Amino acid sequence: MDLTANQQQAFSFPILKNADILHCMSELGIDLTVDELNEPHRHKDRVRAVFVNLLAIGRGMTEEDLCSHSDEALRRRDALSHPEMHEDSLSELKFLKSAMKFMMVCGLRDFGWKDLHAPTSKRFRRQLSGAINFARFREERMLMYDELTTQREEIVVQLQEVKDEGTKLNIQLEEAKLATDKELKEMEEIENDCVEVRKERMMY
């Protein structure tokens, strides 16, 4: 399938060489061979498994998630003449839609049914290159987020330390004030006693 000019503009990532794709897939924990990459039409089950893994990595979706359906979807299926015949098709449709959404996030807007059931090497390489580019981008952002989170936590700790120190100083200031008030009161009492003593001496 040839891409139109608009579709070509949809992705802005490099198309990786086979060796780079296989290496990156291995780093992501996804098993893929040269034969599967060069002749995906002969390994459609593996192609599907690759996208299942990519959905787990990119969207956090498990195979169990792909097999679970909303109440509305189940009601529509049960309303059909032979609902038991559509059990697998419902899951397959959800998987296809999920893969399409993920590919759109990766910059590819033309992912469709044929890419799972009649995949070509050219398109499969492009799709994997887009997924790898997304994974790299997300990893960079996650590292940046972790760094910012660490910095924020350090600032919060520092602010708490300043707050605690301020509270400690306020307590010390209040204690000093109370001590000073007590000393002033004692000095006032002593001064009053001295005044009384002088008065008594003057009377004699």
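The values are calculated or read from the model by the stated rules, or taken from the named source; none is laboratory data. Predicted, not measured: the structure shown is a model, and the values here were computed from it. Cβ atoms come from the backbone with ideal geometry, glycine included; neighbour counts cover every protein chain shown. Side chains are part of the model used for accessible areas, which takes the heavy atoms of the whole protein and leaves out ligands, DNA and RNA. Shrake-Rupley method; radii C 1.70, N 1.55, O 1.52, S 1.80 Å.
Residues that are open to solvent by less than 70 Å² (accessible area, probe 1.4 Å) and not aromatic (Phe, Trp, Tyr) within region 126-155 comprise Arg126, Gln127, Leu128, Ser129, Gly130, Ala131, Ile132, Asn133, Ala135, Thr149, Thr150, listed in sequence order. For region 112-125, a tally of residues being buried (at least 20 other Cβ atoms within 10 Å of the Cβ) and either in contact with a Pro (Cβ under 6 Å, 6 or more places away or on another chain) or modelled with pLDDT under 95 (or both) returns 2.
All of Glu63, Glu39 fail the test of being at pLDDT 85 or above and under 30 Å from Asp20 (Cβ atoms), apart from Glu39.
Going residue by residue through region 176-189, is there one that turns out to be open to solvent by 70 Å² or more (accessible area, probe 1.4 Å), at pLDDT 90 or above and of a type outside the set (Asp, Glu)? Break it down stepwise before answering.
If we filter region 176-189 for residues that are open to solvent by 70 Å² or more (accessible area, probe 1.4 Å), which is where we start, we get 177-178, 181-189.
Filter once more, so that each one left must be at pLDDT 90 or above: none.
Within region 176-189 (the criterion being open to solvent by 70 Å² or more (accessible area, probe 1.4 Å), at pLDDT 90 or above and of a type outside the set (Asp, Glu)), the answer is no, since none of the residues qualifies.
Scanning region 13-71 for residues that are more than 21 Å from Leu93 (Cβ to Cβ) and outside any helix (DSSP H, G or I) yields a count of 13. With respect to (1) open to solvent by 30 Å² or more (accessible area, probe 1.4 Å); (2) at pLDDT below 95, the lone exception for Phe95 is condition (1).
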